[in-house]
1. What helices (runs of 4 or more DSSP H), lying completely within segment 33-78, carry at least 3 residues that are modelled with pLDDT of 85 or more?
2. Exactly one of these conditions fails for Glu43: (1) closer than 19 Å to Glu139 by Cα; (2) surrounded by fewer than 22 Cβ atoms within 10 Å (Cβ to Cβ); (3) in contact (Cβ under 8 Å) with a residue 40 or more places away in the chain. Give me its number.
3. Identify, by number, the condition in (1) assigned to a loop (DSSP other than H, G, I, E, B); (2) touching a Leu at 6+ places or on another chain (Cβ under 6 Å) that Leu89 doesn't meet.
4. Considering each residue of segment 69-104, count those that are without any contact (Cβ under 8 Å) to a residue 40 or more places away in the chain and of a type in the set (Asp, Glu), and give that number.
5. If I filter segment 62-79 for residues that are surrounded by fewer than 16 Cβ atoms within 10 Å (Cβ to Cβ), out of contact with any helix residue (DSSP H, G or I) (no Cβ under 7 Å at 6 or more places or on another chain) and closer than 13 Å to Trp11 by Cβ, do I get at least one hit?
6. Condition first: out of contact with any Phe, Trp or Tyr (no Cβ under 8 Å at 6 or more places or on another chain) and either exposed (fewer than 14 other Cβ atoms within 10 Å of the Cβ) or charged (D, E, K, R) (or both). Now tell me which residues in segment 28-40 satisfy that.
7. Please pick out the residue among Leu113, Leu100, Leu89, Leu85 that is buried (at least 17 other Cβ atoms within 10 Å of the Cβ), within 20 Å of Gln55 (Cα to Cα) and either over 10 Å from the mean Cα position of the chain (by Cα) or at pLDDT 90 or above (or both).
8. Return the residues of segment 1-22 that are acidic (Asp, Glu) and either at pLDDT below 90 or touching an Asp or Glu at 6+ places or on another chain (Cβ under 6 Å) (or both); say none if nothing qualifies.
Amino acid sequence: MDMMKISIKDWEQIGRAPVLVFATVASADGETSDEELQSFAMEWLPQLKRFSIGQTDLDRGVFQWALDEAASHWEVATKMDKERLLKELTAAVRLMELRLPSNEVDAWKRALLKLGVDVARASGGFLGLTSPVDSNERETLSKIRNILKVHAH
């Protein structure tokens, strides 16, 4: 595949995807809980930073920088309305699909969906008796799944 050169702005948009997924799911039930934030910061960011996306060392370095940059501004995303978050996520995913090898895009999209599911499960449920994912979070995950074009296994 002949990849077009990816600009810093493109990498910033791609690097924002995890924050957009986090903010969309975390705010689906009306508020971002401490459990959701801790799940994102302590579990997910380190996992995402192990991804190696890009054709060159420079691309991979810029991708890592973009992840760090987006993560450091997560609060901005949590103040955005859901439709804007989903629109920005759609744009980031379409950009990835156009500019990156399909194997990297597919792996990244699966990781983003798993992030969304894990964030939804982080604060829900009552003593293990009720579902950890409420109906608003399920609806939001469905929209994210459609954007990512990834289906549940």
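1. Working: elements: 34-38, 45-48, 57-72, 74-78.
In segment 33-78, the matching helices (runs of 4 or more DSSP H) lie at 57-72.
2. Single failed check for Glu43: (1).
3. Of (1) assigned to a loop (DSSP other than H, G, I, E, B); (2) touching a Leu at 6+ places or on another chain (Cβ under 6 Å), only one is false for Leu89: (1).
4. Just the residues of segment 69-104 that are without any contact (Cβ under 8 Å) to a residue 40 or more places away in the chain, to begin with: 72, 75-76, 79, 81, 83-84, 87, 94, 97, 103.
Now restrict to residues that are of a type in the set (Asp, Glu): 75, 81, 83, 97.
So the count comes out to 4.
5. Yes: one or more hits.
6. Answer for segment 28-40, where residues must be out of contact with any Phe, Trp or Tyr (no Cβ under 8 Å at 6 or more places or on another chain) and either exposed (fewer than 14 other Cβ atoms within 10 Å of the Cβ) or charged (D, E, K, R) (or both): Asp29, Gly30, Glu31, Asp34, Glu35, Gln38.
7. Details: Leu113 fails: within 20 Å of Gln55 (Cα to Cα); Leu89 fails: within 20 Å of Gln55 (Cα to Cα); Leu85 fails: within 20 Å of Gln55 (Cα to Cα).
Among Leu113, Leu100, Leu89, Leu85, only Leu100 is buried (at least 17 other Cβ atoms within 10 Å of the Cβ), within 20 Å of Gln55 (Cα to Cα) and either over 10 Å from the mean Cα position of the chain (by Cα) or at pLDDT 90 or above (or both).
8. Here is the first cut: in segment 1-22, the residues acidic (Asp, Glu) are 2, 10, 12.
Result: Asp2, single match.
The values are calculated or read from the model by the stated rules, or taken from the named source; none is laboratory data. This is a predicted model, so every value here is computed, not measured. Note that we place each Cβ from the backbone using ideal geometry, even for glycine, and neighbour counts take in every protein chain shown.
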